[in-house]
1. Please work out which one of (1) open to solvent by 50 Å² or more (accessible area, probe 1.4 Å); (2) part of a helix (DSSP H, G or I); (3) among the basic types (Lys, Arg) is the condition LYS261 fails and give its number.
2. Any idea which of ALA212, ALA245, ALA225 is open to solvent by less than 20 Å² (accessible area, probe 1.4 Å), of a type in the set (A, V, I, L, M) and on the phi < 0 side of the Ramachandran plot?
3. Inspect all residues belonging to region 354-368 and state whether any of them is within 21 Å of SER297 (Cα to Cα), in contact (Cβ under 8 Å) with a residue 60 or more places away in the chain and within 16 Å of ligand 2 (Cβ to nearest atom).
4. Quick check on THR218: is it surrounded by 21 or more Cβ atoms within 10 Å (Cβ to Cβ) and either within 21 Å of THR450 (Cα to Cα) or charged (D, E, K, R) (or both)?
5. Can you say whether ASP252 is open to solvent by 30 Å² or more (accessible area, probe 1.4 Å), farther than 24 Å from ARG173 by Cα, within 16 Å of ligand 1 (Cβ to nearest atom) and not hydroxyl-bearing (Ser, Thr, Tyr), as far as the supplied structure shows?
6. Would you confirm whether or not region 89-102 contains a residue that is within 19 Å of GLU429 (Cβ to Cβ) and outside any helix (DSSP H, G or I)?
7. If you check SER137 against the conditions, is it part of a helix (DSSP H, G or I) and open to solvent by 70 Å² or more (accessible area, probe 1.4 Å)?
8. Tell me which of these GLY42 doesn't satisfy, since it passes every other one: (1) closer than 22 Å to GLU273 by Cβ; (2) part of a strand (DSSP E or B).
Amino acid sequence: MKREKIYQLLKELSPSDNVLIKGWLRTRRDSKNFSFLEVNDGSCLKNIQIIADSALDNYTEITSLTIGSAVCIRGSLVKSQGKGQTLEIQAQSIEIISLAPESYPLQKKRHTDEFLRTIAHLRPRTNKYGAMFRIRSELSYAIHKFFRDKAFQYIHTPIITGSDCEGAGEMFRVTTLKPDQKIKNDCRKDFFGQETNLTVSGQLSAEMFALALGDVYTFGPTFRAENSNTSRHVAEFWMVEPEMAFCDLEGDMDLAEEMTKFLTMHILDNCAEDIQLFAKFVDKKLMATLETIIAGSFLKLPYSDAIDILNKSGKKFEHEVKFGNDLQTEHERYLAEQYFKKPVIIYNYPKDIKPFYMRMNDDGITVAAMDVLVPGIGEIIGGSQREERPEVLAERMNELGQFPEDYWWYIDSRKYGTVPHSGFGLGFERMLMLLTGVKNIRDVIPFPRTPGSIEF
Ligand code: 4AD
Ligand code: MG
């Protein structure tokens, strides 16, 4: 007999004589002739209630089952007599697969996120983190669905790379040289014969494929050795990066908006119960925030106008607001959360704070960059129209201290049938923070990697 999933049983709501489920005990309550077990198998938030009759052979063992124990139940799925559930299982047999000791840390009381981070190997067993990681899984699927429906091709861009896309030098070095090998910094003796890193973005590779296949995307892990211990940064995170040929900044912003809306709706439609948990216990304003994503259009605002608004706001910011400075989280959040109260796309940033690949605007001062800012978080997406003119590109590289020789292939791609093209990167974890109202990025990724922390 095949194991069934609780989510399926509760979705179909049809009684059946013969079901088999396997899961873990969440609670147990004994009455005179019965024991009531709440069992969860991880497939959904809801537990299923099991009625164990005292006539069962191993009833004594059943009444000493501990929280977290693993059980296999055969029985009939029947309409429930009691309140609080629609269906329950009248057990014909309950096999105890393993007993959890009383010291199991996840007893009924609620634990803090900080504590649960110290037991990240166990936290997916809680309601909240079970819900989080089901949403995470569904969101991955939604990304592929969105792009596939639009005929984008999925490209696997490399994780080990020789280039620094963002030019920020925040890369993790990859080497096979032993620490005691005294060939200090001699990359020629290393595995690849040159300096090698983990990728900070799949963009440059994705561009090569956009110029061949038209519309593409990559979705994979990226790595940044930023030494910023914030609630929005992790050293290993996932990024969704579409890249479109024959597309300018306007088209890029439109795709970013359409995708953000699609992902939000998909999760509301497919993870309603799990989202409700976050709306109830984590962020009371969650539904209202998600409504601002779906309803109405995102506001588009040039960077220089954003600077004006911030300067006229009368607010005291920690970081100085001035044309030429990058926007900080406090500025981004003020704009999206307090001023506009909805997502805002800021575009045309000063060239000096942006990487080499962004297309130079005619003013010679700004580049065709855009960031999507949302309430509660700030930036979730960063993108741009790419510089498609080889001479301008090489000039920008020189200006920013990068060596055009290192990127010969990138410049080369502009020599043959070059076209305007654009793309962006969505921080997958930031999107999850938006969808769940969770304020710390460490709590939306299975095993967070942050400065000084690599446990699990
Ligand atoms: O704005 P970023 O740096 O853009 C790029 O990497 C471009 N190459 C993308 C492209 O055009 N194809 O990063 C994109 C997004 C950010 O908006 C943010 O959501 C997320 O990636 N991000 C991080 N998320 C978690 N931890 C970090 N350390 C992150 N750094 C960036
Ligand atoms: Mg950015």
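1. Unmet condition: (1).
2. ALA245
3. Yes; the residues of region 354-368 include at least one that is within 21 Å of SER297 (Cα to Cα), in contact (Cβ under 8 Å) with a residue 60 or more places away in the chain and within 16 Å of ligand 2 (Cβ to nearest atom).
4. no
5. no
6. No.
7. In short, yes.
8. (2)
The values are calculated or read from the model by the stated rules, or taken from the named source; none is laboratory data. Bear in mind that the values here come from a model prediction, so they are computed numbers and not experimental data. So basically every Cβ, Gly included, is an ideal-geometry build from the backbone, and we count neighbours across all protein chains shown. For accessibility, only protein heavy atoms count, side chains too; no ligands or nucleic acids. Shrake-Rupley method; radii C 1.70, N 1.55, O 1.52, S 1.80 Å.
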